[in-house]
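> To start, I am sharing the structure in question, which I have written as structure tokens.
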Amino acid sequence: MNALWEEIKAGRRSWSEVVELRPQWKSLPTGMLQNWPEGAPITLYTLAALMISLSDNTASDALLAVLGREQVEHWSGQNRPLLSTREAFALKNPENRRILERYLRADEAERRRLLPELGQIPLPPPTLFTGGPVAPEVEWFFSARELCRLIEGVADLPLMAINPGPVRPKGWRRIAYKGGSEPGVLNLTVFLSSNQGHRYCVVATWNGQTMLDEGRFVSLYGGLLEVLAGLQ
């Protein structure tokens, strides 16, 4: 999102720019675009909104392709090369264990040389990710402080509040929220602006070797935000 917003502010892209959905962008759920017809015209705003509000993996991969991996990697920290969701799913597939082992042993340059091969591998069935964690060494790794810096850069964009997550909008002037999860991984990140002009970033991450109790975690996080709202 930061990479897209940077391009829009510079006048090189616009929210209304239309791209056609390509088959190589289609990934696994979550999201809905994986079910849309190939060639469907979609604005960059729609891709961004679906990526943020629904964690649409196909929308994420489409934006990565449109903007260019190198452009997005200005924001990706240690995650280099920055994997698309489709590439990550391919690496996590137990049927592709050999290429995963090659990828994990490789340095950054060699990993980049493996990306075209990953792009040709069929996606695994979605049911692979309905149980416990799968290949947790293949992830996108960010610290809480890095996540706060990233969300602060786009916190004033209205589309960041399409899905406010566990935040109750009452009492907050502006909300920017992004959550994400897969088996064994759960993250909730929010940037809040109060009516008094105070700004907060609250990040919670839970990593485990089993399925996580998302309901309990979200409830605890929401309770923390309620306490914070009461301090205003």
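> Tell me the net charge near Thr205. Cut-off is 14 Å between Cβ atoms, Thr205 excluded, with +1 for each Lys or Arg and -1 for each Asp or Glu.
In short, -2.
> So what are the ³J(HN,Hα) numbers for segment 135-148, from phi and the Karplus equation (6.51, -1.76, 1.60; θ = phi - 60°), rounded to whole Hz, Gly and Pro as x?
6, x, 6, 9, 8, 10, 9, 9, 7, 4, 5, 5, 4, 5
> Additional query: Can you give me the long-range amide H partners of Leu28? Hydrogens built in the peptide plane at 1.01 Å from N, cutoff under 5 Å, separation of 5 or more residues or another chain.
Counting only residues 5 or more places away or on other chains, the set is empty.
> Hey, got a sec? Which trypsin sites (Lys or Arg not before Pro) in segment 153-188 land in a DSSP loop and have at most 11 other Cβ atoms within 10 Å?
Filter output for segment 153-188: Lys170.
> Percent of accessible area on the chain owned by carbon and sulfur, 1.4 Å probe?
Here it works out to 53 percent.
> Calculate the dipole size of segment 65-151 relative to its Cα centre from +1 charges on Lys and Arg beta carbons and -1 charges on Asp and Glu beta carbons; express the result in debye to the nearest 20.
Using only the charged Cβ atoms, the result is roughly 20 debye.
> Nearest 500 deg cm²/dmol is fine: what mean residue ellipticity at 222 nm does the chain get from its DSSP H runs of n ≥ 4 alone, each adding -39,500 (n - 2.57), divided by its residue count?
Here the helix-only value at 222 nm equals -11500 deg cm²/dmol.
> Now for a separate question. For segment 11-21, just list the computed ³J(HN,Hα) in residue order, Karplus coefficients 6.51, -1.76 and 1.60, θ = phi - 60°, integers in Hz, with x standing in for Gly and Pro.
Once θ is set to phi - 60°, the couplings for segment 11-21 become x, 8, 9, 9, 4, 8, 4, 10, 10, 9, 5 Hz.
> Sticking with this structure for a sec: With just the Cα atoms defining each centre, how far is segment 159-232 from segment 69-104? Give it in Å.
27
> Quick one: which residues, 5 or more positions from Asp56 or on another chain, have an amide H under 5 Å from its amide H? H modelled 1.01 Å from N in the peptide plane, none for Pro or chain starts.
Met51
> Moving to a separate point now. With contacts defined as alpha carbon pairs under 8 Å and 6 or more residues apart, what's the relative contact order of segment 104-209 in percent?
22
> Okay, moving on. Per residue, how large is the accessible surface of the chain? Use a 1.4 angstrom probe and give square angstrom.
That works out to 52 Å² for each residue.
> Which value, in Å to one decimal place, does the Kirkwood hydrodynamic radius take for segment 60-140 when every pair of different Cα atoms is included?
13.3
> In terms of modelled amide H atoms, which long-range or inter-chain residues lie less than 5 Å from the amide H of Arg22?
Gly39
> Order Met160, Met51, Met32 by their accessible area, 1.4 angstrom probe, all chains in place, largest first.
So the residues, ranked largest to smallest area, are Met32, Met51, Met160.
> From the phi angles alone, apply the Karplus equation (6.51, -1.76, 1.60; θ = phi - 60°) to segment 25-42 and give each ³J(HN,Hα) in whole Hz, x where the residue is Gly or Pro.
Going residue by residue, I get 8, 6, 10, 8, x, 7, x, 9, 5, 4, 9, 6, x, 4, x, 4, x, 9 Hz, with x marking Gly and Pro.
> For Arg149, tell me the accessible area in Å² from a 1.4 Å probe, rounded to the nearest 10.
The accessible area of Arg149 comes to roughly 150 Å².
> Let me have the relative contact order for the chain, percent, based on Cα pairs under 8 Å that are six or more residues apart.
15
The values are calculated or read from the model by the stated rules, or taken from the named source; none is laboratory data. Predicted model only: the values in this text are computed from it and were never measured. For neighbour counting, all protein chains shown are included, and Cβ atoms are generated from backbone atoms with ideal geometry for every residue, glycine included. Protein only, heavy atoms only, side chains kept; ligands, DNA and RNA dropped before computing areas. Shrake-Rupley method; radii C 1.70, N 1.55, O 1.52, S 1.80 Å.
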